[in-house]
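Written below as structure tokens is the structure these notes are about.
The values are calculated or read from the model by the stated rules, or taken from the named source; none is laboratory data. Please read all numbers here as calculations on a predicted model, not as lab measurements. Neighbour counts run over all protein chains shown; Cβ positions are idealised from the backbone, glycine included. For accessibility, only protein heavy atoms count, side chains too; no ligands or nucleic acids. Shrake-Rupley method; radii C 1.70, N 1.55, O 1.52, S 1.80 Å.
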Amino acid sequence: DPQGIVEAWNPAAARVFRTPASEIMGRNIKQIMPEGVAAKHDVYLTSYLRTGKKTMLDKTTSVKARRPAANSTSFEQFPATVSVMEVVKAGGAKQYVAYLRDDSRVSEIALNSRVARSIRQLSIVPIILIDP
């Protein structure tokens, strides 16, 4: 909603963010943002509502998101791609819908590929890779 309160949370969001709907519904979306971004979120939202200048709306952006770390009480950041759209409901009320893709595996695969390429290029011994 225009105050950043979560009104819907689907099972995919619960899985990616390791947070059930019951723990985020009715709370501010800032809970899934890294602290630096979360601190500025209300300012961005207020500015948009006042000026109409879009900073995140109608764009696809690479971001860092935040979720509880697996088997821990701490939090971790993870790479994601997010698109946020504004929906105007009957009567003129505004809602915001975010589509998010967890890019953790993409980043992990890219890193492993770069490491493997570096090992092959820098090695002084013959390396043979066999694809099973």
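Assorted remarks:
- Compactness relative to 2.2 N^0.38 Å, alpha carbon Rg of the range 1-118: 1.18
- The calculated pair-distance distribution of the range 9-57 uses every alpha carbon pair, bins of 10 angstrom beginning at 0, and gives 23, 40, 31, 5 percent.
- The range 1-88: trypsin sites (Lys or Arg not before Pro) in DSSP coil with no more than 16 other Cβ atoms inside 10 Å: R18, R27, K53, K54, K59
- Rounded to 0.05, the FRET efficiency of the F75 and E7 pair, given R0 = 25 Å and the Cβ-Cβ distance, is 0.60.
- Extension gain from K53 to K89, taking 0.36 nm per residue of separation minus the Cα-Cα distance: 11.0 nm
- Environment charge at K94 (Cβ cut-off 9 Å; Lys +1, Arg +1, Asp -1, Glu -1): -1
- Those aspartates and glutamates that a straight Cα-Cα span of less than 12 Å connects to K59, excepting residues fewer than 8 apart in one chain: E86
- Surface share of carbon and sulfur [accessible, 1.4 angstrom probe, percent] for the range 1-57: 58 percent
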